[in-house]
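Right, one structure below, let's go through it.
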Amino acid sequence: MFDSLREKILSPIRSLGKSGRITEADLEEALKDIRRALLEADVHFKVSKEFLEQVRREAVGQELLKSVTPGQQFTKIVYDALVRFLGGAGEDARLELRAAPPVPILLVGLQGSGKTTTAAKLALYLKKKEKKRVLLVPCDPRRPAAKEQLRTLARQAEVECFDSDLTRSPARIVKAALEEARSKVFDALIVDTAGRLAIDEELMDEIQEVKKALQPHATLFVADSMTGQDAVNVAQAFHARTPLSGVILTKLDGDARGGAALSIQFLTGLPIFFFGTGEGVAALEPFHADRLASRILDRGDVLTLVEKAQEAISEDEAKAGIQKMAKGQFSLEDFLGQMKMMQKLGSMESLMKMLPGGNQLLGQLKGVDAEKELKRTEAIILSMTSKERRNHKVLNGSRRLRIAKGSGTSVAEVNRVVQRFEQTQKMMAQFSKMGLLKKMLPF
Ligand SMILES: Nc1nc2c(ncn2[C@@H]2O[C@H](COP(=O)(O)OP(=O)(O)O)[C@@H](O)[C@H]2O)c(=O)[nH]1
Ligand SMILES: [Mg+2]
């Protein structure tokens, strides 16, 4: 996510950080590089101009040229500007569903932007996070395949999908769906509409017609962030023709250049509610400007990591782990358990990216295959007897040789795993002495 923007925006910031004090020329050079980074990320030129003006103004106002730590101060200035352009901190836009049920939500956007996928993702999100019963409504009479696609996704998300009669008009379809949602007491319904390759009269008329019949509580524009500025232009054109409530950005998982995310709010005034990070129905995250700005500047996103941990790991599992650590009973078995818990959270790479400096670290680790390393460690621990796992002190030379053979590794690798385990055990003991474990973990 934002990989190329990150690299390009960080390089001028890092070079400012290297010098003790900076000159006006240094600052101008850095601003020029940032400007290039923004344009390459397909940020609208008006947005990039305003961005740089704000950063320059702050740099002058905060007397950056006199600072003894200009790198740090400049990072903070750029971070604050990123947060503002992504939509502002603290005031994160939330999709408000306070209305009489069933709350109608309409998704609009161009063909291929991700409407159908996003409809199912949003239904799953509302079901999981807000305990809402959602009815999905396919409403593209021209493409029967789109109905099948939504039904398949609905099954994956385990939410219900309305059996739309595609021989009828879109307005009739949503009326029938509304009736069904009322009689079966759904909390909300999400209507997936037809898209086009470009905005045309027919599409706009159809959307107006659906809107009249549905009276949506929220009309969400689904924008493909890979299309950069185009996504912003289309959003503006849509918004001018039919008022939108907000935006969902899709495909931020590819190396979307970031232009859409940084420009859309500034140019349309519309909030971004969510962003999509994959094709699966669970790949939708609420949009937090400060967290994303932090990811762009490689300062990690520990809050999201903690939330993911809370979702994937049960409280009991976590508590049991902490108690063992606190009592100094952390064994190789627990070490393995801990690693498996980590695996549940996602790939090693995606986890590291959420840690401060994680992207830089990943760069240094290029060539080291973290997943493979994890598999090897697992094989080594699984080749131990349970006595060995509980007490690693019995691991003498011949036992280590046996384990190496059993796991298809070498004695050196076995030694490394034992060494890493001992370090972790020591760290745990330190933490528990300082009473830090309880504070560190959110459970
Ligand atoms: N990688 C990725 N692919 C996505 C995302 N959202 C949608 N897609 C893919 O984009 C393609 C078009 O999506 P679809 O929902 O059919 O778009 P629609 O024409 O607007 O309904 C499909 O292959 C989706 O799997 C996303 O957030 N990330
Ligand atoms: Mg579709």
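The values are calculated or read from the model by the stated rules, or taken from the named source; none is laboratory data. Model, not experiment: these values are computed from the prediction. Positions of Cβ are generated from backbone atoms using ideal geometry, with glycine treated the same way; all protein chains shown enter the neighbour counts. All accessible areas refer to the heavy atoms of the entire protein, side chains included, with ligands and DNA or RNA removed. Shrake-Rupley method; radii C 1.70, N 1.55, O 1.52, S 1.80 Å.
Averaged over residues, the count of other Cβ atoms within 10 Å places the peptides 219-227, 43-51, 202-210 in the sequence 219-227, 43-51, 202-210, highest first.
A 1.4 Å probe run over the protein chains yields, for the chain, 49 Å² of accessible area per residue, whole-number rounding. Given in Å, the Rg to one decimal and the Dmax to the nearest whole number for the Cα atoms of segment 103-285 are 15.1, 45. Normalised by the number of residues in the chain, the average gap of Cα pairs under 8 Å and 6 or more apart makes the relative contact order 16 percent.
Across the protein chains, with a 1.4 Å probe defining accessible surface, the residues Thr385, Thr424, Thr167 rank Thr167, Thr385, Thr424 from largest area downward.
Of all aspartates and glutamates in the structure, the ones whose alpha carbon falls short of 15 Å from that of Lys375, not counting any fewer than 8 places away in one chain, are Glu333, Glu349, Glu413.
Dimensions of the chain based on its C-alpha atoms, expressed as ranges along the principal axes with the largest first, amount to 77, 61, 37 Å. Seen against the Cα atoms of the chain and their longest principal axis, helix 302-312 is set at about 90 degrees.
For segment 3-86, the normalised intensity computed at q = 0.14, 0.16 Å⁻¹ comes to -0.41, -0.54 (log10 of I(q)/I(0), Debye sum over alpha carbons, equal scatterers, no solvent). Over 21 Å apart at the Cα level, from the set Lys121/Lys251; Lys18/Lys46; Lys121/Lys175; Lys115/Lys344, are Lys18/Lys46; Lys121/Lys175; Lys115/Lys344. Surface composition of the chain: carbon plus sulfur atoms hold 52% of the accessible area, using a 1.4 angstrom probe and ignoring ligands, DNA and RNA. In this structure the amide hydrogen of Asp224, modeled in the peptide plane, comes within under 5 Å of the amide hydrogens of Thr250, none closer than 5 places in sequence on its chain. With bins 5 Å wide beginning at 0, the percent of Cα pairs of segment 97-163 falling in each bin runs 3, 17, 29, 26, 16, 7, 1.
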